[in-house]
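Worksheet: one structure, shown below.
The values are calculated or read from the model by the stated rules, or taken from the named source; none is laboratory data. All values derive from a computational prediction rather than experimental measurement. A quick note on method: Cβ atoms are made from the backbone with ideal geometry, for glycine too, and the neighbour counts reach across all protein chains shown.
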Amino acid sequence: MADTARRGESTMPLKTQLMRPAMDVLYYTGTYRLFKPAFGGVGAIFMLHHVRPADRRGPFSPNRILEVTPEFLEETIQWVLAQNYQIVTLDEAQRRLVEKDFQRRFVCFTLDDGYLDNYLHALPVFLKYRAPFTVYIHTGLPDGTAVLWWWLLEEIVRDNDAIAIRLRDREVLFPTDSLHRKTRAYNRIYWALRSMPPAVQRASVEAMLDRYPIDPAAFCRSTAMSWDRIAELAGGGLATLGAHTISHSALSWLSPEEIRREAAQSRALIAERTGAPVRHFAYPYGDSASASRREFKIIRDLGFATATTTRKGVLFSEHARHLEALPRVTLHGSYQHLRYIELYLSGAPVALWRGFQRLDVG
């Protein structure tokens, strides 16, 4: 394998490279404080995926954006408590929105998918502070059927100096013999796969895995929480379990009946395997291209108390009328500094990106 540590190269996404300096200007000038009265909202829902110690995988780690360290999670909890936020369950957040109980701002912590590191590294932090949290379970993880193709793609790109991938109807050869080329290849393949209908995506991923020696089932087993550990979480008093579908497909590609089946069956399976009620839902991917009004209505009609997206933002009183389309604040691997938490909770970055529109629920 070629040496990838080329001077000046970075795997940080271009959007992050551009946005972080702009956010730093907002912070260090103090401008963000002007936004909080109108755009700081009444609370926020934090979104995490992986919580695990910093590793030494090397400079090529495109999925590091999905990880934060246990130390940063603890710093975040300490900071929100010091700022007089209350950490509450999703049930309590729903109640406060519906009843307009906004005496104190609040935050919720949510973790998507159900990874083993949530149990090993996030749970001890939440226990230390008696902080409630929610884990949205993608049932393919504990069942061992999930193909975590974005992680598998990272491994394939890292371990090869050139890769050939079939994207839709053509074979594409990507040189991957430097950090720059690995990053470019990963981003192009990732977004090409993300834009495909589920059946086409599965075929492309299966063709990739047939060519490169990596075992998706073994990777899933090593990454996922077991049903026993999920049930242990549910019985521990701090964790709420939410549904996150069976296949983790972008719902916008599915028919209404397929969406109902994905959501309802995942809810039923989680309840059956853990004995816990499942009242909350998170949309796979969760951006506006993956879930919008049609999907919101279906999930609302299925009777979920809340449903969360990956659209950025804090909660406003008006979200009481849109409990099926709640925004979240990402705890992002490239932004592990408390100044970004303070920025996002002020509402300033999202207000500027969205042209001072408070809600994004369409």
(request) Answer yes or no: is there a residue in segment 294-304 that is under 16 Å from Ser266 (Cβ atoms) and in contact with a His (Cβ under 9 Å, 6 or more places away or on another chain). (result) yes
(message) Every residue in segment 35-81 that is at pLDDT below 95 and at positive phi, please.
(response) Gly58
(message) Could you tell me how many of the residues in segment 163-175 are surrounded by 14 or more Cβ atoms within 10 Å (Cβ to Cβ) and out of contact with any helix residue (DSSP H, G or I) (no Cβ under 7 Å at 6 or more places or on another chain)?
(response) 1
(message) Just checking, does segment 222-238 include any residue being outside any helix (DSSP H, G or I), of a type in the set (S, T, N, Q) and within 19 Å of the chain's Cα centre (by Cα)?
(response) no
(request) Determine whether Ala192 is free of Cβ contacts under 8 Å to residues at least 40 places away in the same chain and either part of a helix (DSSP H, G or I) or more than 22 Å from the chain's Cα centre (by Cα) (or both). (result) yes
(message) Take the conditions farther than 23 Å from Ala199 by Cα and within 18 Å of the chain's Cα centre (by Cα) and apply them to His280. Does it pass?
(response) yes
(message) Taking the conditions exactly as written (over 29 Å from Leu26 (Cα atoms), touching a residue at least 40 places away in the same chain (Cβ under 8 Å), in the same structural domain as Leu241 (by TED's automatic domain parsing) and not charged (D, E, K, R)), does Pro349 satisfy them or not?
(response) no
(message) Looking only at segment 234-262, how many residues end up being closer than 21 Å to Thr89 by Cα, touching a Ser or Thr at 6+ places or on another chain (Cβ under 8 Å) and of a type in the set (A, V, I, L, M)?
(response) 4
(message) Within segment 22-38, take every residue that is crowded, with 18+ Cβ neighbours inside 10 Å and hydrophobic (A, V, I, L, M, F, W, C) and give me the one that is nearest to Ala348 (Cα to Cα).
(response) Phe35
(request) Mind telling me which of the residues Leu238, Leu209 ends up being in contact with a Leu (Cβ under 9 Å, 6 or more places away or on another chain) and under 24 Å from Pro327 (Cα atoms)? (result) Leu238
(message) Being of a type in the set (Val, Ile, Thr) and buried (at least 17 other Cβ atoms within 10 Å of the Cβ) is the requirement here; does Thr183 meet it?
(response) yes
(message) Out of everything in segment 299-327 that is surrounded by fewer than 19 Cβ atoms within 10 Å (Cβ to Cβ) and of a type in the set (Lys, Arg), what residue ends up being nearest to Ser255 (Cα to Cα)?
(response) Arg300
(request) Sort through Ser178, Ser195 and tell me the only one that's within 21 Å of Trp253 (Cα to Cα), in the same structural domain as Arg158 (by TED's automatic domain parsing) and among the hydroxyl-bearing types (Ser, Thr, Tyr). (result) Ser195
(request) Any chance you could count how many residues in segment 253-278 are touching a residue at least 40 places away in the same chain (Cβ under 8 Å), under 15 Å from Ala307 (Cα atoms) and either touching a Lys or Arg at 6+ places or on another chain (Cβ under 8 Å) or among the polar types (S, T, N, Q) (or both)? (result) 1
(request) Name the one entry in Gly58, Gly41 that is assigned to a loop (DSSP other than H, G, I, E, B) and either of a type in the set (S, T, N, Q) or crowded, with 22+ Cβ neighbours inside 10 Å (or both). (result) Gly41
